[in-house]
Amino acid sequence: MKQKIVMKMQFISEKRRTDAFKIAAGTTGVTNVSIEPDKDQLVVIGDGVDSVCLTKALRKKLRCVEIVSVAEVKKPEDEKKPAAECIPIQWTSSYVHYPMHYDLVYRW
(Lines give C-alpha, C1' and ligand atoms only; values in the text may rest on other atoms or scores of the structure.)
Protein backbone atom coordinates (compact mmCIF):
# COMPACT_ATOMS: atom_id res chain seq x y z
CA MET A 1 0.00 0.00 0.00
CA LYS A 2 1.55 3.28 -1.12
CA GLN A 3 1.14 6.12 1.31
CA LYS A 4 1.86 9.82 1.39
CA ILE A 5 3.27 11.23 4.62
CA VAL A 6 3.35 15.00 5.14
CA MET A 7 5.53 16.34 7.96
CA LYS A 8 5.96 19.88 9.20
CA MET A 9 9.38 21.15 10.24
CA GLN A 10 11.39 24.35 10.18
CA PHE A 11 13.93 24.70 7.39
CA ILE A 12 16.18 27.39 8.85
CA SER A 13 19.20 26.54 6.73
CA GLU A 14 20.19 24.51 3.69
CA LYS A 15 21.93 22.01 5.97
CA ARG A 16 18.63 21.11 7.67
CA ARG A 17 17.05 20.50 4.25
CA THR A 18 19.83 18.18 3.14
CA ASP A 19 19.76 16.33 6.47
CA ALA A 20 15.99 15.85 6.15
CA PHE A 21 16.45 14.56 2.57
CA LYS A 22 19.18 12.12 3.61
CA ILE A 23 17.20 10.68 6.50
CA ALA A 24 13.94 10.40 4.56
CA ALA A 25 15.58 8.91 1.47
CA GLY A 26 17.50 6.38 3.57
CA THR A 27 14.35 4.97 5.15
CA THR A 28 13.23 1.61 3.77
CA GLY A 29 10.30 1.71 1.37
CA VAL A 30 10.61 5.38 0.40
CA THR A 31 10.23 6.06 -3.34
CA ASN A 32 9.82 9.85 -3.49
CA VAL A 33 10.89 12.72 -1.20
CA SER A 34 10.06 16.38 -1.80
CA ILE A 35 10.10 19.63 0.16
CA GLU A 36 7.55 22.41 0.01
CA PRO A 37 9.59 25.35 1.35
CA ASP A 38 6.72 27.85 1.38
CA LYS A 39 4.75 25.60 3.79
CA ASP A 40 7.81 24.18 5.62
CA GLN A 41 6.68 20.65 4.82
CA LEU A 42 8.46 17.44 3.89
CA VAL A 43 6.42 15.08 1.68
CA VAL A 44 7.43 11.40 1.64
CA ILE A 45 5.79 8.85 -0.67
CA GLY A 46 6.54 5.17 -0.35
CA ASP A 47 5.34 1.62 0.03
CA GLY A 48 5.21 0.30 3.60
CA VAL A 49 6.94 3.29 5.21
CA ASP A 50 6.64 3.43 9.00
CA SER A 51 5.73 7.06 9.72
CA VAL A 52 6.53 6.82 13.44
CA CYS A 53 10.06 5.46 12.86
CA LEU A 54 10.66 8.11 10.20
CA THR A 55 9.51 10.85 12.57
CA LYS A 56 11.73 9.54 15.38
CA ALA A 57 14.75 9.50 13.08
CA LEU A 58 14.04 13.06 11.93
CA ARG A 59 13.48 14.27 15.52
CA LYS A 60 16.78 12.74 16.61
CA LYS A 61 18.64 14.94 14.10
CA LEU A 62 16.37 17.97 13.55
CA ARG A 63 14.42 18.13 16.85
CA CYS A 64 11.06 19.75 15.98
CA VAL A 65 9.09 17.52 13.54
CA GLU A 66 5.33 17.00 13.41
CA ILE A 67 3.23 14.60 11.34
CA VAL A 68 0.56 16.58 9.47
CA SER A 69 -1.12 13.75 7.55
CA VAL A 70 -0.77 10.16 6.44
CA ALA A 71 -2.90 9.19 3.43
CA GLU A 72 -3.09 6.37 0.93
CA VAL A 73 -2.01 7.21 -2.61
CA LYS A 74 -4.68 6.17 -5.11
CA LYS A 75 -4.29 5.82 -8.85
CA PRO A 76 -6.41 8.19 -10.96
CA GLU A 77 -9.33 6.63 -12.80
CA ASP A 78 -8.07 8.02 -16.15
CA GLU A 79 -5.23 5.48 -16.27
CA LYS A 80 -7.62 2.54 -16.45
CA LYS A 81 -8.82 3.32 -19.99
CA PRO A 82 -8.15 0.52 -22.47
CA ALA A 83 -5.51 1.09 -25.10
CA ALA A 84 -6.53 1.75 -28.70
CA GLU A 85 -6.79 -1.36 -30.84
CA CYS A 86 -3.80 -1.94 -33.11
CA ILE A 87 -4.49 -2.44 -36.81
CA PRO A 88 -1.83 -4.46 -38.66
CA ILE A 89 -0.34 -2.82 -41.75
CA GLN A 90 0.24 -4.87 -44.89
CA TRP A 91 3.85 -4.55 -45.91
CA THR A 92 5.55 -5.97 -48.94
CA SER A 93 9.26 -6.14 -49.40
CA SER A 94 10.80 -4.09 -52.18
CA TYR A 95 13.78 -6.43 -52.30
CA VAL A 96 13.81 -8.65 -55.39
CA HIS A 97 15.19 -12.14 -54.94
CA TYR A 98 17.30 -13.17 -57.91
CA PRO A 99 18.05 -16.85 -58.47
CA MET A 100 21.64 -17.86 -57.84
CA HIS A 101 23.60 -19.68 -60.47
CA TYR A 102 25.69 -22.22 -58.64
CA ASP A 103 27.80 -22.97 -61.67
CA LEU A 104 29.08 -19.38 -61.67
CA VAL A 105 29.71 -19.25 -57.94
CA TYR A 106 31.47 -22.58 -57.49
CA ARG A 107 33.43 -22.67 -60.73
CA TRP A 108 37.08 -23.65 -60.41
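I'd like the accessible area for residue 89: 1.4 Å probe, protein heavy atoms, all chains in place, Å² to the nearest 10.
Ignoring ligands and nucleic acids, residue 89 comes out at about 150 Å².
Straight-line reach from residue 39: which lysines fall under 28 Å, measuring Cα to Cα and dropping same-chain residues less than 8 apart?
Candidates past the 8-residue exclusion: 2, 4, 8, 15, 22, 56, 60, 61, 74, 75.
With a 1.4 Å probe and all protein chains kept in place, how do 34, 51 rank by accessible area, largest first?
34, 51
May I ask you to evaluate 6.51 cos²θ - 1.76 cosθ + 1.60, the Karplus curve with θ = phi - 60°, for each residue of region 10-24 and list the ³J(HN,Hα) values in order in whole Hz, giving x for glycine and proline?
Along region 10-24, the couplings run 9, 9, 6, 9, 5, 5, 5, 5, 5, 5, 5, 4, 4, 5, 5 Hz.
For 11, 21, give the ranking by accessible area with the largest first, probe 1.4 Å.
Greatest to least solvent exposure: 21, 11.
What figure in square angstrom, to the nearest 10, would you give for the accessible area of residue 86 with a 1.4 Å probe?
120
What's the local net charge at residue 72, with K and R +1, D and E -1, over the other residues with C-beta under 13 Å away? Before the final figure, lay out each step's value.
Numbers: positive: 2, 4, 74, 75; negative: 47.
With Lys, Arg at +1 and Asp, Glu at -1, the neighbours total +3.
The values are calculated or read from the model by the stated rules, or taken from the named source; none is laboratory data. Keep in mind it's a predicted model, so treat the numbers as computed, not measured. Glycine gets a Cβ as well: all are built from the backbone with ideal geometry, and neighbour counts include every protein chain shown. Surface accessibility is based on the protein's heavy atoms, side chains included, excluding ligands, DNA and RNA. Shrake-Rupley method; radii C 1.70, N 1.55, O 1.52, S 1.80 Å.
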